[in-house]
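Report on the structure given below.
The values are calculated or read from the model by the stated rules, or taken from the named source; none is laboratory data. None of these values were measured; they are calculated from a predicted model. Methodologically, a virtual Cβ is constructed for each residue, glycine included, from the backbone with ideal geometry; neighbour enumeration extends over all protein chains shown. For accessibility, only protein heavy atoms count, side chains too; no ligands or nucleic acids. Shrake-Rupley method; radii C 1.70, N 1.55, O 1.52, S 1.80 Å.
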Amino acid sequence: MSCGNPVADADALMQRRKKYDKTKNCVKCKVAEGNLVIRHAVYCKDCFLHLIVHKFRRALEPTINPKPDGPRRTTLKPAGNLLIGFSGGLGSSVLLDLIHRCYIALDKSTMPADGGRDHPRHERVWKKVTVCYVEVCDAFPGMQDKTHQITEYLKRYDELHFVCLRIQDAFDRSWWEKIGGQRFSANLGVTLPDEALFIQSLSSSADSLDSLRTYLSALPTPTAVTTSIQTFTRLLLLHTALQSGSSHLVLGTSLTSLAVSLIAGVSQGAGFNIREETQEEWTPEPEALGPTLVPLAETESNEDRKKSRQGKRTVRVVRPLRDIGMKECAAWAWWSGVTVVGKEKWGWAGAKPGIGTLTKDFIVGLEKDYPSTVSTIVRTCGKLAPKGEVSGTCILCGRPAQRGVQEWKARISIRSRPPPADATDKPEEPAELLRPSLTPYLCYACHTTLTSKSARPVPSPWPAASQSPVVSLPVWTEARLASTKGGDGTEHMHGEVMQTRRVGEEEMKGIVNEFLLDSS
Amino acid sequence: MSTISLKIEFGGGLELLFSNQRSHRISIPALVPASSGSSSTQQKGEGDDAQPTKPADLSYLIFWLRDNLLKERAELFVENGTVRPGVLVLVNDTDWELEGEGDYQLKDGDEIVFISTLHGG
């Protein structure tokens, strides 16, 4: 009789579940012994390396032509150039390496076997490839500036253009005008500490670094700081794509990182844009574009130039590593000799981890014990189609905004109002009611980011930064506000004007009088 | 042979925790205490001279590295008795998941690589 004690009885201990299915031989070639396990499937080194290139091409190439391919595969002819968003992290290093091998160096080992020597695939797909790096160290105290390291790192890849930005460029008018943004003279800010987010004129303009730090210090939570930096980085990349004539912006988001951003996004109220998290088409608001935005090819005629300026420019954001997990990226990097400069963790003294950090810890832990779950998350999110009408684009993040957001928020919120100063039912001053606010211009997620407060006091990343009640806005936001009709922001972007006011008892009675039953 | 020579490599930023050195050559005992859990110095006070031993395995190596080579931030390398989630381990160019993970018995001349996927995104 077994006592169940593993020391006495070897069979008492349950056998550990194998991390791979069937045999240790490669599931693809069935000949070589496996070198790597990916979601329970075993691959040898050679088959793995080919698989990664295949997955990368499969995720990117169908998105290259402006219109999706029909039943027959056509030549790859993008509408413009390619911009690679590079962070120095694992994903973007692998992405850069794959782009260079497949489209610049034309590494034969990455070419598919079919097609033959003269197959159009062997020609240059992208006329110009630019790499853009956004240095974020100035947003976080004590973070190392990696600009020099990144610049040196990129020298190993030839035929690449390099653009280096800093996160504070989001508040830099000279950067905005340099890339062709609409010039504006207004100096508008927002009362960020106030939930009402009133738009106000700024008495003076601070430099971009001060503006960035003041903005971050006025945010209500550490989650809001991380999300804001990510939003600014995205918009900086999108505008750089426009300026470099790029029709495509590629990012090194792996399957694991995508699962993290999908779950973290939904947690912060960005469910309406869940599809954009994987792939999106971004078109800048016309009033934000200056006349010289598009640098055009010299061969284009005057007719074409006029057309290009007037026509809609779109940037397609693609994540070609979205089917490739973090573990696969690491294995590719190791076996292909790709060194990774790395990214530092975002944080500051006393700050608790935000939603993004907590989600990443959860997903990374999940991937270790239940690797298939991570791909299930991405697959399931890919099946979601949010309900609701689109009503313009958010003035902060540039993504489609859902109609009726503020109405819904007002319905579900429990708010306590301070009692009126005196007993008389004096109506509020009209000027106060129509005071312009940023709220109607924001999507649900951005409004939540700016107004959702923590129950506990949150240490500011920059305690020495100005504690002004009015903070500067990113330049693309200010440009759109300044171009709004009337210039005072009272006309709602989405065609709705909402105002609330206390209604006196007499006025209320007047409205419902005809419906009241006689008391007799 | 009473000791095993191994080549250890760190990648993906893990080298920063190990004196910023990617490659290390080390020697560890061929036989180690069988009860080794969290510490290599654990002893069972049973009054018995012959302590149960086992061939050195990857679990032992991980703790040996933590106790002898790691210079800082042990929590970035080890968690819950094994490597932290997000660290890929290759044994002679092969995923340790194919070799039994922590139970893989080390041989003289083995090359073990630890790659972090977390110092970047």
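Each label point was placed 7 Å from the Cα along the Cα-to-Cβ direction; for B:Ala30 and A:Asn65 their separation is 6.5 nm.
Whole-Hz Karplus values for the range B:83-94 come out as 5, 4, x, x, 9, 8, 10, 10, 10, 6, 6, 10 Hz, taken residue by residue from phi with 6.51 cos²θ - 1.76 cosθ + 1.60 and θ = phi - 60°; glycine and proline positions read x. Accessible surface of A:Ile355, taken over heavy atoms with a 1.4 Å probe and every protein chain present, rounds to 50 Å².
With the simple spin-label model, which puts each label point 7 Å out from Cα in the Cβ direction, the B:Glu72 to A:Phe362 separation comes to 3.1 nm. Full extension of the chain segment joining A:Lys18 with A:Glu33 gains 3.8 nm, where the gain is 0.36 nm per residue of separation less the Cα-Cα distance.
Note on A:Asn513 and A:Ser483: the model spin-label points, each 7 Å out from Cα along the C-beta direction, lie 4.9 nm apart.
In this assembly, the A-B interface accounts for approximately 2300 Å² of buried accessible surface in total, computed with a 1.4 Å probe and without ligands, DNA or RNA.
Taking only the C-alpha atoms, wrap a convex hull around the range A:308-391 and report its volume per residue in Å³ as a whole number. Working shown, then result.
Numbers: hull volume 21.0 nm³, N = 84.
Here the figure is 251 Å³ per residue.
For the range B:81-118, heavy-atom accessible area (probe 1.4 Å) falls by no less than 30 Å² from the chain alone to the full protein assembly at B:Pro85, B:Leu88, B:Leu90, B:Asp93, B:Asp95, B:Glu97, B:Leu98, B:Glu101, B:Ile115, B:Thr117, B:Leu118.
When only the heavy atoms of the protein chains count and the probe is 1.4 Å, how do B:Glu75, A:Glu276 rank by accessible area, highest first? Can you show the working numbers first?
Working: B:Glu75 100, A:Glu276 40 Å².
Ranked list, largest accessible area first: B:Glu75, A:Glu276.
Suppose R0 equals 35 Å; then what is the FRET efficiency for A:Lys155 and A:Lys352 from their Cβ-Cβ distance, rounded to the nearest 0.05? Once the sixth-power term is evaluated, E becomes 0.35.
Indicate, rounded to the nearest 5 percent, the antiparallel portion of the DSSP beta bridges found entirely in the range A:83-212. Spell out each step's value before the answer.
Details: 3 of 13 bridges.
If we restrict to bridges inside the range A:83-212, about 25 percent are antiparallel.
Compute the orientation-averaged projected area for the range A:357-420 from the convex hull of its Cα atoms and round it to one decimal in nm².
Values: hull surface 31.7 nm².
Orientation-averaged projected area of the Cα hull: 7.9 nm².
Taking R0 as 56 Å, what's the FRET efficiency between B:Glu111 and A:Glu285 from their Cβ-Cβ distance, rounded to 0.05? Each step should come with its number before you reach the end.
Numbers: r = 56 Å, r/R0 = 0.99.
Once rounded, the FRET efficiency stands at 0.50.
Rounded to the nearest 10 square angstrom, A:Val129 shows an accessible area of 10 square angstrom against a 1.4 Å probe.
Compute accessible area for the range A:312-350 by itself and then with all protein chains, 1.4 Å probe, and report residues whose area falls by 30 Å² or more. Those residues are A:Met326, A:Lys327, A:Ala330, A:Trp334, A:Trp335, A:Lys343.
Here A:Asn25 and A:His54 are evaluated by their C-beta separation; at R0 = 25 Å the FRET efficiency comes out at 0.80.
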